[in-house]
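The values are calculated or read from the model by the stated rules, or taken from the named source; none is laboratory data. Everything numeric here is computed off the predicted structure, so don't read it as measured data. Neighbour counts run over all protein chains shown; Cβ positions are idealised from the backbone, glycine included.
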Amino acid sequence: MSVKILVVEDEPAIQELLRFACATNGFAVRVAESARGAQHAIREALPDLVLLDWMLPDRSGVELLRELRGSDRTRHLPVIMLTAKGAESDRVSGLDAGADDYVVKPFSPRELVARIRAVFRRRAPDKSGEPIRYGALLIDPARHEVRFEDRPVKMGMAEYKLLKFLASHAERVFSRSQLLDGVWGDHVFIDERTVDVHVLRLRKALATVGAQHLIQTVRGLGYRLAAGPSS
């Protein structure tokens, strides 16, 4: 599943630059030309990151950002502000409103993509596209490979995405509903018990290399990836 980026920008030339920079790096791009359009797009499907212009035709991007930070659904949504305002006071205002980063126009597409990946490394490592390591476990998204103690592990796509998500947040416990949102998306309607089926399949795949112990059940809470004893 591609990483989904919402571009909120009303200038066609900048839209195309952002679309090209993101698409050539494997990101799926959706464009909104106003704050209202962005709200509609986010209601339809939560993106993985938002590139948000400061000056929009209907309202300030900073106002929209504050609104996103005030909602439980979008509070932790990564947002990078894009603006021609380069003064220190403007950067501080954007960051204080909750932006994860601040890019001043004109900008280099390569720098923008590097900043996107840096935000993902901090906020959502499973979206960064970089290898994920946890002890002897290695997940390489570029090759779509999983290895444990340098031995390959074969598994289905759903199990791969589940493992990648858990390994990106190692030792953190997730409920079934949190796993559904984090792995399959918050607009995908799947029975929570389906998570149990994929956990079972993932453990069977890891058992081929003696690593089934990494996927732990925490009673009354959910699942986690950890090397220590289970709860």
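When we screen 59, 66, 43 for residues that are without any contact (Cβ under 8 Å) to a residue 24 or more places away in the chain and either of a type in the set (D, E, K, R) or surrounded by 13 or more Cβ atoms within 10 Å (Cβ to Cβ) (or both), the only hit is 43. Scanning region 197-204 turns up no residue that is surrounded by fewer than 16 Cβ atoms within 10 Å (Cβ to Cβ) and either among the polar types (S, T, N, Q) or in contact with a Pro (Cβ under 8 Å, 6 or more places away or on another chain) (or both).
Considering region 134-151, the residues that are without any contact (Cβ under 8 Å) to a residue 24 or more places away in the chain and not hydrophobic (A, V, I, L, M, F, W, C) include one that is nearest to residue 205 (Cα to Cα), namely 147.
Where strands (runs of 3 or more DSSP E) sit wholly within region 53-153, those with at least 1 residues that are in the same structural domain as residue 19 (by TED's automatic domain parsing), under 21 Å from the mean Cα position of the chain (by Cα) and at pLDDT 90 or above occupy 79-83, 101-104. Within region 115-128, residues that are touching a residue at least 12 places away in the same chain (Cβ under 8 Å) reach partners that are among the hydroxyl-bearing types (Ser, Thr, Tyr) and assigned to a helix (DSSP H, G or I) with beta carbons closer than 9 Å, at six or more positions or on different chains, in the pairs 124/168; 125/168; 126/168; 127/168.
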